Ligand code: DSN
């Protein structure tokens, strides 16, 4: 059952021919505007990124690379892809860029294909310790082609001393010495701390391994100067363009010149066919946006907001994995708040009140990945919408109230109403409905959604 009408504006007018899809888009626009988006891997792209993603470049086949295509008519497309590659190189200080991967997972697969032979050993972070499926999870095809050995984090320290749950470099060095990996993967999807490339490089060099840094999560923080840039120390860096980088959904690879040919061949024709040039145009837009001074300010506010949110949630009684955060995400251990509350139930209760996040295993979680003892939250999206530290304090309080009083419908309705009001004050797309988002034009659009608010 869908309801509503897609907002006015060019896309709205064009979609009049398909009221069912138009209504679904309208419903999703309503959801994104009236509920809190705290999924650590999501963001609100700019109208310019949306316009490029929805452009007529989607019509064009362009297998190959700029100036070496298998189809005619790619004069303009070549310029688009060259622009995206040059902007990616400039943004990260890289020697080579491949902007064709459809996703972060595709980018990671391409690197493995480029640098490894089937059966080679790879040292990467275990999924249940914060790593990604493509870091060799038994459920991923990566583990059927290559031999993954997993490293993890140090044990949590309950009282006093360092909180622990940081990448265990001693364990990694031992594993590297014993297993002699051909590739070491740095990077994670649920790790609330800065990841320095130096110790990975040292361990990789000690055994003659390549180093791949999976920067899917911190790419925007790296571009914004609030996370160290791993490009100089890594053979290859993969990233997604839609998380903290705030671009279209997709992946990209930057690497040393010596790996350029192997990487390009692995992406096409190794793994993919025709590139999504409309998405590549949107990546170019995002790279330019991320190179501006405003983006540095945005990245700083993302991290500041995460720190404030972490401290406020700790006051509500949640344990922060690793004791806090210094990036855009935090991982909550629910057991100190309520030992009977699972991540699954907490996610469902919070969905009911309009707070969108995801359940996540915490390191050494006694519960399954489907149930979990943890929640993962991030501040990238709502910072884009203009929220600041005061809002983070209120969000923590709303989460605490909703979960503490989860059996009381009246309380939950009250929390839902407060969430809606908070979202009304910080609309991600204030021009939605007036044609702003729907503009198919690639003309420059000033600013990004919601970023009109004063910093911090
Ligand atoms: N699904 C992404 C995330 O949420 O971190 C990783 O692929």
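The values are calculated or read from the model by the stated rules, or taken from the named source; none is laboratory data. For clarity, every value in this text was computed on a predicted model and none was experimentally measured. Note: ideal-geometry Cβ built from the backbone for every residue, glycine included; neighbour counts use all protein chains shown.
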- [ ] Take the range 364-408 and flag every residue that is in contact with a strand residue (DSSP E or B) (Cβ under 7 Å, 6 or more places away or on another chain), within 16 Å of the ligand (Cβ to nearest atom) and part of a loop (DSSP other than H, G, I, E, B).
- [x] 372
- [ ] Pick out the one residue from 72, 12 that is more than 30 Å from residue 382 (Cβ to Cβ), more than 16 Å from the ligand (Cβ to nearest atom) and either modelled with pLDDT under 95 or not in a helix (DSSP H, G or I) (or both).
- [x] 72
Open item on the list: On the basis of being modelled with pLDDT of 95 or more and closer than 30 Å to residue 251 by Cβ, does residue 388 make the cut?
Closed with: no
Open item on the list: Regarding the range 82-99, can at least one residue be identified that is without any contact (Cβ under 8 Å) to a residue 40 or more places away in the chain and farther than 23 Å from residue 257 by Cα?
Closed with: no
Open item on the list: Just the residues that are touching a residue at least 60 places away in the same chain (Cβ under 8 Å) and surrounded by fewer than 24 Cβ atoms within 10 Å (Cβ to Cβ), please, taken from the range 256-265.
Closed with: 256, 257, 259, 260, 262, 264, 265
Task: Residue that is farthest from residue 366 (Cα to Cα), among those in the range 81-130 that are part of a strand (DSSP E or B) and more than 16 Å from the ligand (Cβ to nearest atom) - done: 96
Open item on the list: Quick check on the range 131-145. Is at least one of its residues out of contact with any strand residue (DSSP E or B) (no Cβ under 6 Å at 6 or more places or on another chain), assigned to a loop (DSSP other than H, G, I, E, B) and farther than 20 Å from residue 104 by Cα?
Closed with: no
TODO: Would you please list the contacts, defined by Cβ atoms under 6 Å and residues six or more apart or on different chains, that run from a residue in the range 6-33 that is on the phi > 0 side of the Ramachandran plot to a residue that is at pLDDT below 90?
DONE: 9/435; 9/438
Task: Answer residue from the range 223-252, given it is free of Cβ contacts under 8 Å to residues at least 60 places away in the same chain and more than 16 Å from the ligand (Cβ to nearest atom) and is surrounded by the fewest Cβ atoms within 10 Å (Cβ to Cβ) among those - done: 228
Task: Failed item, numbered, when residue 117 is tested on (1) in contact with a strand residue (DSSP E or B) (Cβ under 9 Å, 6 or more places away or on another chain); (2) farther than 22 Å from residue 251 by Cβ - done: (1)
TODO: Working only within the range 147-161, note down all residues that are free of Cβ contacts under 8 Å to residues at least 60 places away in the same chain and either surrounded by fewer than 22 Cβ atoms within 10 Å (Cβ to Cβ) or more than 20 Å from residue 236 (Cβ to Cβ) (or both).
DONE: 147, 149, 150, 154, 157, 158, 159, 160, 161
